[in-house]
Amino acid sequence: MACVVTCPVWHCFGINKKPRFRVRAERLDGNDLSVVSTDGVSVKETTVPVVVGRGYLVDGGNGSLKSRIEKKMGGEELELLWDDGYGTNTVKDYVDATKDMIKPDGGPPRWFCPVECGRPIKDSPLLLFLPGLDGVGMGLILHHKPLGKVFEVQCLHIPVHDRTPFEGLVTLVEETVRLEHASRLNCPIYLVGDSLGGCLALAVAARNPSIDLVMILVNPATSLGRSRLQPFLPILEAFPDGLHVRTIPFLLSLVIGEPLKMAEVGVEGRLLPKQKFERISSNLTALLPFYSGLADILPTETLIWKLKLIKSASAYTNSRLHAVKAEVLVLASDKDHLFPSGEEALRLKKLLPNCMIRIFKDNGHTLLMEDSMNLLTVIKGTCKYRRSKSHDFTKDFLPPSMSEYRYTFNNVFGFLNFASCSSLFSTMENGKIVKGLAGVPDEGPVLLVGNHMLMGMDLSSLCEAFLREKKILVRGVAHPELFWGNFHTSSNVFNFFDLMKVMGAMPVSPKSLLKALSTNSHVLLYPGGAREALHRKGEAYKLFWPNQPEFVRFAAQFGATIVPFGAVGEDDMAKVVFDYYDYMKIPMLNDRIKEVIRSGGVQIRDKAKGEVASQEIFIPGMIPKIPGRFYYLFGKPIKLKGREDLVENRESANEVYLQAKAEVERCIGYLLKKREEDPFRSIINRLIYRTFHAPLHQVPSFKP
């Protein structure tokens, strides 16, 4: 019996709305499938690629079509503060894109590449998107543009009236994964599974433990047994269709996410309250077609089928979780009304050996279409982006985009930057001190070495100033605890430390420092490390540097320029009232701190001596003050080009080391004295000035 499947090509795939061609997949006997063009020429037992957007459909046997992804030529490398396009698409674009895609065509599930994804950078890994209940495959529409820059994105489209069982979908994805793995053995394959797609990704991973997979599961449907859907499944199967009419609206309401979070997409945090309200109100109105369109995307028969599909998917996947060896990142919504996704994320973290989770407190089931979740930013912040078998903090680093810059320094650190109103100075080669960063070399490699203020409060202002004034990204080296220790593994929310990684932070180690300098980067190093950032009472602005001049030898190896700097202002922001010594005097806390450090803390500087060797991670108790101001002074650059002798000559290297340390102390002393002359050291005076005059970074300071 002949089986004919017709596959149109839609405008959202990068081709005009009117189909340029149509392709039929025709069964000619029990096992063979031929691809027949519209002119009626049949090619039996031959693989004929059919371009769908930027992907291929090829004969997969058994009446299915499998993917052979087209290898797109890599584009140029990303520039600093590149335009990732995040926020330009909204849920309204999802509705518009699905109008033609949900029309019945009788076709099987297939892969496509949205035209918005464009051409990725060189050696970009493959990303396969596995959709949720809707099956359309456009659930990543808010993220197409940013993801398309660094991934070869392919999306699975499951037609509305398709009834492929879960095992059939697993086979389809598995064949694609195996085919791609054979052509790129040393490159990971990303599976982004939304809801039902999360089960699909886990099932494929369980059946292919030897393939390098990175799985990103968004509110996976593995928690069906504890969801609000569970009581309805036997009812929907046992009662007549008349009952469905009453239950369908309720079921659809569970699928809908948080409307307010959807409406906030693309609304910048720096807008005035009135402007924000107007934008959000307009976006809420634009969401109305989305709700009315859900009935077309999930008609009654399809919704009932999808619920049955989820039931089989959840059972199939949960029975195979023990076989999953892949790298997993679970993104869960705390306000998911369909599944208990927050609890499920915690369960999967315990069951899967290589699993990290991030929970979003205010988002609903449709996390990928809501605000507060730029998927690429989350991937970068959790160090999940890689182009080889392991993550490399230099080779796999993606520079921050403009949207990430705005989110980081306007939304996250906006208040701190506003309150501290940093004033920066630098020293020219002739010794003259000038306002701004003119004295810091533009060309790398440059190694910035200075003192750490309490809790690292100096970081955001310094990095933002370099980006704003010099268009230079400063790559800071941070304590390994933030990457591999308790801080990294215990945190379940996307936090400050994740954003540090997005903005270029690397774990401190000789290897990281050497790699960064080899790429002519501007590298930020705090020799005092956590000991200075978490100092005790009465230790403000005191340096705790090691005795070894290792960073001088590293810098000399690449002919780098060392720029010592001093930073002051923490004592105008907060006062330490409860420090490490106070913690250790309390027996219960004493034992707990020692246990945490012993069980999961990352130890560095094992060979260091003195106070700097004591780098226990703890948070001091502080009380805030009426904000003062941060001041930075970059000293005279120390050029090491042509000083390769310092690599072997430790005595000469130590002289340069002591010179840099003395310059940092001189900068600190200079700033502590000169800030007394600043008429705008008080936030009150700055507020009055800004009411009538310049923006934040142009508020005057003392004259150098």
Pairwise label distance in nanometres, R279 with N430, each label 7 Å out on the Cα-Cβ vector: 4.6
Of the listed pairs K432/K673; K432/K542; K471/K641; K325/K350; K99/K361; K636/K674, those with alpha carbons more than 21 Å apart are K432/K542; K471/K641; K99/K361
Taking 51 Å as R0, compute the FRET efficiency from the Cβ-Cβ separation of S509 and R163 and round it to 0.05. 0.40
For a quick check: with amide H placed at 1.01 Å from N, whose amide H comes under 5 Å from F578's, ignoring anything fewer than 5 positions away on the same chain? G621
Note: the range 402-698 at 20 °C, 1.002 mPa s; Kirkwood Rh on alpha carbon pairs; Stokes-Einstein D in µm²/s works out to 107
Amide H of D371: which non-local residues (sequence gap of 5 or more, or other chain) have their own amide H closer than 5 Å, using H built in the peptide plane? M262, E264, V265
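Please list 196-206, 144-154 highest first by mean number of surrounding beta-carbon atoms within 10 Å per residue.
On the way: 196-206: 28.5, 144-154: 25.0.
In decreasing order of mean packing, 196-206, 144-154 become 196-206, 144-154.
Where a number appears in this text, it was derived from the coordinates with a stated rule and is not lab data. Keep in mind that what you see is a predicted model, and the values were worked out from it rather than measured. Methodologically, a virtual Cβ is constructed for each residue, glycine included, from the backbone with ideal geometry; neighbour enumeration extends over all protein chains shown.
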